[in-house]
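The values are calculated or read from the model by the stated rules, or taken from the named source; none is laboratory data. From a predicted model like this one, the values you see are computed outputs, not experimental measurements. Methodologically, a virtual Cβ is constructed for each residue, glycine included, from the backbone with ideal geometry; neighbour enumeration extends over all protein chains shown. Keep in mind that these areas ignore ligands, DNA and RNA; they rest on the heavy atoms of the full protein, side chains included. Shrake-Rupley method; radii C 1.70, N 1.55, O 1.52, S 1.80 Å.
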Amino acid sequence: MPRKSHKPRGAAAHAPVGLTAGPRPPLKAAAPNPSPASELPQAGVAEAEGLKAPDAGASAAAEALERLHVGPASDGDPPSLPPSEPVDEASAPPQPPPVEASSSGRSAAGGSWEEEAVRKLHELAEVGGDEVELTEEEVRANDQRQEDEICALEAIFGDAVVILDRKGGQRSFQVLVHIEIPDSIDVSTKLNYGDGTLNYGATCDDDDDLFYKFRVEHLPPILLTCLLPTSYPSHRPPFFTISTYWLDKRMISLLCRMLDMLWEEQQGMEVAYQWVQWLQSSSLSHLGFDNGVILSKSDVTCDADGEDKRACPDNAPPDVIIPRLMRYNDNKHHEAFLHAIHDCMICFSECPGVDFIKLPCHHFFCWKCMQTYCKMNVKEGNVVKLLCPDTKCEGAVPPNVLKRLLEEDEYERWEGLLLQRTLDAMKDVVYCPRCQTACLEDVGNEAVCSSCLFSFCTLCRNRRHVGEQCMSPEERLMILEKRQESGNVQGDQMKILEELRSLKEIMKDSKQCPKCRMAISKTEGCNKMHCGNCGEYFCYQCNRAITGYEHFRGSCVLFPQEELDRWELQMNQRVRRQVVAHAHAEMHGRDGQAHPCPTCRQPSPKIGNNNHLFCWACQKHFCALCHKTVQKPAQHYGPKGCKQHSADP
């Protein structure tokens, strides 16, 4: 069985990443931590684009995309990736993802992909020819050089190197080679769904093929498995195999031949580090993937066609390979997010990624802010509008995130309020007037309570009355008030009486939402109303559900006249002064202190002892003593004119 290296990792060490050979199960939440960390994996970081399908194969294309867990999109629009379950990460370093079974039937127990590479390597070593006869000094020298080389690999690549148990005195190890990508790279492939199964398309143009393309920043590592013979490095090269699931056998064979060439160039020298370094930095360019990786399946069947027995590909179909590539890219983004420092856009504090909550809309906020935000909304009953705190985003906070942020009683309150709001928004759901159990309304406006078996009319909420007209709320209120006067009102009837009275007062200045029947009162603004309970838009004038503003081109008006007058009064200061002056004139006119204007005869009040008056109606200045229009106050008032200040007689 393989054993992990426990030596100190070097500066260039890579985190261990488990190779997969099949669909990866969803990540599980880490153990609770005093400093809670949670983040949603970035579903859809690998951005798909350029999806094109012919009209004739539209149905086949849709079914093929469904196998890939992406939806069809128009040209230029990226198809959406499958939503990921949120992951609660602890502050401990991320563990390698679990090894999985592939479609080829290998077992997932004990790292099957690595064990398959080791098994094939030993088979190749058995048929690799006789060992070179060496002296004891050469054997000791080779053994020391092998040990030094493995120690150097461990120091440089850290946990990416796995030392295997010796077999027959020969050393063997595996290296996870992480390919260097400068920024990001496109991954594309042709897909064919002609025979009912999703396969790679032909290399030539075919009208039945789909072209699928997406972008990643991380590619899964290549597994290099080496067995060092006794005569290495003095005489013979290491036995090796190359394994990966996103390259076909022809591509892996090209890499194997390149490693052979590197050994031929420096025979007698340690070559394992040069192999790893070349695979890390030059393998993509050697395969012609400088501008993008092309997924395909070669048709080689024998050595003459270019097949190398050291190449270990995975023959899984594209609907397994493509999602695995996307998930690996998402997991690496997730790992980088957890170890980076980010700014919370609510409190503007800097925190590590493990202390953040990341929503499916890719907005993230620190744990404390999200917890306060969610608790505040649940306490106020805003369960329908519990959205992403970003003002320009309308993404909802998932229930699994709320369950981690809220206390048990708060989460139960959120579930109850959400259920209540959902039932209130359904037109065919009513509540039993006796026990308040939700019931389904039938076609005849009748319902039967499943709890107390009470059969009632959903219009008047009285007992069922077949063939009789419903009693209006006004009639019921009148009957109950008469019973109250006679002292015959019981406890339940008194409660109904109070409810009817409250409803009567509410309906005096409010309208009911046409969808959820919630009473809504308009204080100001236009007649286009928005129900905060169910989100329905309706006209406040006719109480009909609407979608846009076309409804107000008919008999209904968008702004009532009183609203226009209020707006004019608020915006026009001159009109506002006239209204205020008119109010003052009426108030003083009742006290006999108003003076009629000589121009329009409207009464204007005298403020204090000032005889210079201003008419609120015609905007003219006049004198309260002589009742003449005043053109120039300096000429009208003075020693030869009227007194500007005097008390009324």
*Within the set of pairs 6 or more residues apart or between chains, which connect a residue that is among the β-branched types (Val, Ile, Thr) inside segment 416-443 to a residue that is at pLDDT below 80 with Cβ atoms less than 6 Å apart?*
430/458
*Wholly enclosed strands (runs of 3 or more DSSP E) of segment 210-325 bearing at least 3 residues at pLDDT 90 or above*: 222-228, 239-244
*For the subset of segment 613-634 comprising residues that are in contact (Cβ under 8 Å) with a residue 12 or more places away in the chain and not in a loop (DSSP other than H, G, I, E, B), which member is surrounded by the most Cβ atoms within 10 Å (Cβ to Cβ)?*
622
*Which residue, of 115, 149, 133, 154, is open to solvent by 20 Å² or more (accessible area, probe 1.4 Å), modelled with pLDDT of 50 or more and part of a helix (DSSP H, G or I)?*
115
*asked:* Residue under question is residue 640, and the condition is that it be open to solvent by 70 Å² or more (accessible area, probe 1.4 Å), at pLDDT 80 or above and touching a Pro at 6+ places or on another chain (Cβ under 9 Å); does it hold?
replied: no
*In segment 462-472, is there at least one residue being free of Cβ contacts under 8 Å to residues at least 24 places away in the same chain, outside the structural domain of residue 381 (by the TED database) and within 22 Å of residue 533 (Cβ to Cβ)?*
no
_Which numbered condition residue 362 misses (of (1) in a helix (DSSP H, G or I); (2) out of contact with any Gly (no Cβ under 8 Å at 6 or more places or on another chain); (3) closer than 24 Å to residue 181 by Cβ)_ = (1)
*Give segment 520-571 a look and list any residue that's surrounded by 13 or more Cβ atoms within 10 Å (Cβ to Cβ), under 34 Å from the mean Cα position of the chain (by Cα) and of a type in the set (Phe, Trp, Tyr), or say none.*
537, 538
_For segment 333-348, give me each residue that is open to solvent by less than 40 Å² (accessible area, probe 1.4 Å) and out of contact with any Gly (no Cβ under 8 Å at 6 or more places or on another chain)._
333, 334, 344
_Count - residues of segment 635-649 that are without any contact (Cβ under 8 Å) to a residue 40 or more places away in the chain and assigned to a loop (DSSP other than H, G, I, E, B)_ = 9
_Quick check on this structure: which one of 434, 461 is open to solvent by 40 Å² or more (accessible area, probe 1.4 Å) and farther than 18 Å from residue 516 by Cα?_
434
*Restricted to segment 359-378, and to residues that are closer than 17 Å to residue 417 by Cα and without any contact (Cβ under 8 Å) to a residue 24 or more places away in the chain, which residue is farthest from the chain's Cα centre (by Cα)?*
376
*Does segment 352-403 hold any residues that are acidic (Asp, Glu) and within 19 Å of residue 338 (Cβ to Cβ), and which are they?*
355
*Does residue 186 satisfy being open to solvent by less than 60 Å² (accessible area, probe 1.4 Å), outside any strand (DSSP E or B) and in contact (Cβ under 8 Å) with a residue 60 or more places away in the chain?*
no
*Within the group 446, 415, which residue is open to solvent by less than 40 Å² (accessible area, probe 1.4 Å), out of contact with any Asp or Glu (no Cβ under 7 Å at 6 or more places or on another chain) and not polar (S, T, N, Q)?*
446
*Determine if segment 542-551 includes at least one residue that is without any contact (Cβ under 8 Å) to a residue 24 or more places away in the chain, farther than 12 Å from residue 511 by Cα and outside any loop (DSSP other than H, G, I, E, B).*
yes
_Qualifying positions in segment 171-182 - within 15 Å of residue 241 (Cβ to Cβ) and open to solvent by 30 Å² or more (accessible area, probe 1.4 Å)_ = none
